[in-house]
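A.B. asks: What follows is a single structure, and I will ask about it in a moment.
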Amino acid sequence: MNLEIKIIDSFEKLEGFENEWRDFEKYTQHRNLTASYDWIKTWWDCFGNTDSHEFGNNKQLLIILLYRDENLRAIAPFTRLTRNNFGVPISYVEFIGQQWGGTYLDIISENISEEEINYIIQWLYNNIRFDFLQLKYIPEDSILYSPHQDEMEYLSGCPEFRLSEFGSYDDYKSSVYSKKLKQNIRTAHNHIKKSGMEYSESAEEINPENLDKIIHISGSKVGDDKVSIYEDPKKREFLRHILNRLKSDVMFIKLNGYEVSYRVNVYFNGVKFCLDAAYNRFYKKQQVGSLSVDYSIRHSYDNLDWIQWHCEGTGMDFYKTKYIKTSRNIYTHVCKGNTIKSYLINKLDLKKLGARHSRKGVYRESVS
């Protein structure tokens with residue numbers, strides 16, 4: 001097997017690789033939005049120079065390309081960065097985007113073998129100096145997960161389902177919705193009607209006008225001790241860019257023509273992915289947030305010609321799981337790097353340093 005590694009270590013090289021990356025996405029048909037070219041390029045453009053404990057410091061592109069007999073076999077979208085933990089600078093190799101906004105992050109490939117994965121990791125340990133390999137948002141169907149599942153730490157789940165498992169929205173509702181949920185939906189609509197309010201729904205392309213409405217509704221989260229991502233200028237700018245780059249829409253629930261709930265969706269390789277959602281807390285009794293999930297599922301079944309998967313994003317929140325009973329779990333894994341510092345820190349409690357230690361190591365055979 002003739003294997004070769006190439007590296008993308010600059011933004012210019014990343015832009016120059018766009019066509020090959022996009023062709024590879026079509027070939028592999030991977031459905032991991034936050035590991036897509038558009039997401040990663042936009043993320044790096046917005047946050048590559050952002051230094052903080054959340055985003056990491058001194059980030060360097062380290063995208064590893066694996067070729068077999070000159071054919072692209074895998075893209076490992078890594079970055080090398082540092083964080084100061086209790087005054088100690090520690091270097092990490094991580095997925096690009098796991099620092100903020102990630103959902104599914106993985107090595108992009110089609111039927112890659114464990115031997116090929118090990119070749120990538122071996123090259124990493126032989127050529128890059130780092131204290132820890134810390135990978136987050138690894139989906140349970142990743143080849144990174146299966147050989148080391150006993151060493152993985154559960155991070156969260158993503159409620160999702162394949163639409164073809166049910167013939168129609170009515171079939172889905174009949175099979176998945178509980179009797180109580182169906183009654184709650186009817187009760188919410190009756191309550192709205194008795195209150196003299198007119199209920200309506202709309203799916204719209206995102207534009208500056210309705211984006212302002214989204215930001216306004218999102219601000220209502222603060223009253224529930226939650227954070228609106230639009231309060232951070234850089235995160236708001238990232239969302240503006242990603243919604244322009246990818247097919248997207250916003251789904252509103254309206255009362256008397258006034259937007260009271262929204263779901264922002266992005267579409268990638270047949271997946272409808274809910275990127276952000278909120279509702280006006282003044283209308284909590286009307287259950288407009290819950291009703292928006294039902295509306296979104298109906299909308300997916302109305303567009304079966306181009307939507308194959310419905311995903312509600314990271315988090316096993318009750319408002320999601322009462323509508324969707326299946327999910328894809330995501331995991332975190334950490335193992336020591338190839339520096340003297342990593343072996344010294346190995347003897348300490350890594351949880352205090354913000355990393356979970358696996359005594360076996362993810363890729364023990366790869367440590368040089």
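A.B. asks: Would segment 291-309 turn up any residue that is in a strand (DSSP E or B) and touching a Ser or Thr at 6+ places or on another chain (Cβ under 9 Å)? Give the steps one after another, and end with the answer.
C.D. replies: Initially, segment 291-309 is screened for residues in a strand (DSSP E or B), giving 309.
After this cut, where a residue has to be touching a Ser or Thr at 6+ places or on another chain (Cβ under 9 Å) as well, the list is 309.
The answer is yes; a qualifying residue exists.
A.B. asks: If I filter segment 93-114 down to residues being closer than 14 Å to Glu25 by Cβ and not in a strand (DSSP E or B), which single residue comes out as nearest to the chain's Cα centre (by Cα)? Give the steps one after another, and end with the answer.
C.D. replies: Here is the first cut: in segment 93-114, the ones closer than 14 Å to Glu25 by Cβ are 104, 106-110.
So of that shortlist, the ones also not in a strand (DSSP E or B) come out as 104, 106-107, 110.
On the way: Tyr104: 5, Asp106: 10, Ile107: 14, Glu110: 20 Å.
Filtering segment 93-114 for residues that are closer than 14 Å to Glu25 by Cβ and not in a strand (DSSP E or B), the one nearest to the chain's Cα centre (by Cα) comes out as Tyr104.
A.B. asks: Moving on. Would you mind stating whether Lys41 is surrounded by 20 or more Cβ atoms within 10 Å (Cβ to Cβ), of a type in the set (Lys, Arg) and assigned by TED's automatic domain parsing to the domain that holds Ile128? Let's see the steps before the verdict.
C.D. replies: Numbers: surrounded by 20 or more Cβ atoms within 10 Å (Cβ to Cβ): yes; of a type in the set (Lys, Arg): yes; assigned by TED's automatic domain parsing to the domain that holds Ile128: yes.
Here the answer is yes, as Lys41 does meet what is asked.
A.B. asks: Those residues that are of a type in the set (Gly, Ala, Ser) and part of a strand (DSSP E or B), I need them from segment 73-91; list them, please. Steps first, answer last, please.
C.D. replies: Going through segment 73-91, the residues of a type in the set (Gly, Ala, Ser) turn out to be 74, 76, 87, 91.
If the condition is that a residue be of a type in the set (Gly, Ala, Ser) and part of a strand (DSSP E or B), then Ala74, Ala76, Ser91 are the ones that fit.
A.B. asks: Still on this model: Quickly run through segment 214-253 and pick out the residues that are charged (D, E, K, R) and closer than 22 Å to Val293 by Cβ.
C.D. replies: Lys221, Asp224, Asp225, Lys226, Lys247, Asp249
A.B. asks: A further question on this structure: Given Ser200, Ser175, which one is in a strand (DSSP E or B) and more than 23 Å from the chain's Cα centre (by Cα)?
C.D. replies: Ser200 is the lone residue from the list that is in a strand (DSSP E or B) and more than 23 Å from the chain's Cα centre (by Cα).
A.B. asks: So which of Ser91, Ser113 is of a type in the set (Gly, Ala, Ser) and surrounded by fewer than 19 Cβ atoms within 10 Å (Cβ to Cβ)?
C.D. replies: Details: Ser91 fails: surrounded by fewer than 19 Cβ atoms within 10 Å (Cβ to Cβ).
Ser113 is the lone residue from the list that is of a type in the set (Gly, Ala, Ser) and surrounded by fewer than 19 Cβ atoms within 10 Å (Cβ to Cβ).
A.B. asks: Could you list all residues from segment 9-38 that are surrounded by fewer than 12 Cβ atoms within 10 Å (Cβ to Cβ) and within 16 Å of the chain's Cα centre (by Cα)?
C.D. replies: none
A.B. asks: Which of the residues belonging to segment 118-157 are closer than 22 Å to Leu3 by Cα and either within 22 Å of the chain's Cα centre (by Cα) or outside the structural domain of Thr34 (by TED's automatic domain parsing) (or both)?
C.D. replies: Ser142, Ile143, Leu144
A.B. asks: Same structure again: Ile107 passes all but one of (1) in contact (Cβ under 8 Å) with a residue 60 or more places away in the chain; (2) closer than 28 Å to Val266 by Cα; (3) of a type in the set (A, V, I, L, M, F, W, C); which number fails?
C.D. replies: Every listed condition holds for Ile107 apart from (1).
A.B. asks: If Ile206 meets every condition in (1) under 17 Å from Gln287 (Cα atoms); (2) among the aliphatic types (A, V, I, L, M); (3) assigned to a loop (DSSP other than H, G, I, E, B) apart from one, which number is that one?
C.D. replies: Exception for Ile206: condition (1).
A.B. asks: Another question, if that's okay. Could you check how many residues of segment 233-282 are without any contact (Cβ under 8 Å) to a residue 60 or more places away in the chain and part of a helix (DSSP H, G or I)?
C.D. replies: Applying the first criterion (without any contact (Cβ under 8 Å) to a residue 60 or more places away in the chain) to segment 233-282 yields 233, 236, 239-240, 243-244, 247-254, 256-265, 267, 272, 274-275, 277.
After this cut, where a residue has to be part of a helix (DSSP H, G or I) as well, the list is 233, 236, 239-240, 243-244.
So the answer is 6.
A.B. asks: Looking at segment 149-171, I want the residues that are in a loop (DSSP other than H, G, I, E, B) and have a partner that is surrounded by fewer than 16 Cβ atoms within 10 Å (Cβ to Cβ) with Cβ atoms under 8 Å, at least 6 apart or on another chain. Which pairs are those?
C.D. replies: Short answer, once both residue conditions are applied: Phe166/Ser175.
A.B. asks: I need the full set of residues from segment 230-271 which are touching a Leu at 6+ places or on another chain (Cβ under 9 Å) and basic (Lys, Arg), in order please.
C.D. replies: Arg240, Arg263
The values are calculated or read from the model by the stated rules, or taken from the named source; none is laboratory data. As the structure is a computational prediction, the values presented were derived from the model and not from experiment. Using ideal geometry, Cβ is built from the backbone for each residue, glycine included, and neighbour counts are taken over all protein chains shown.
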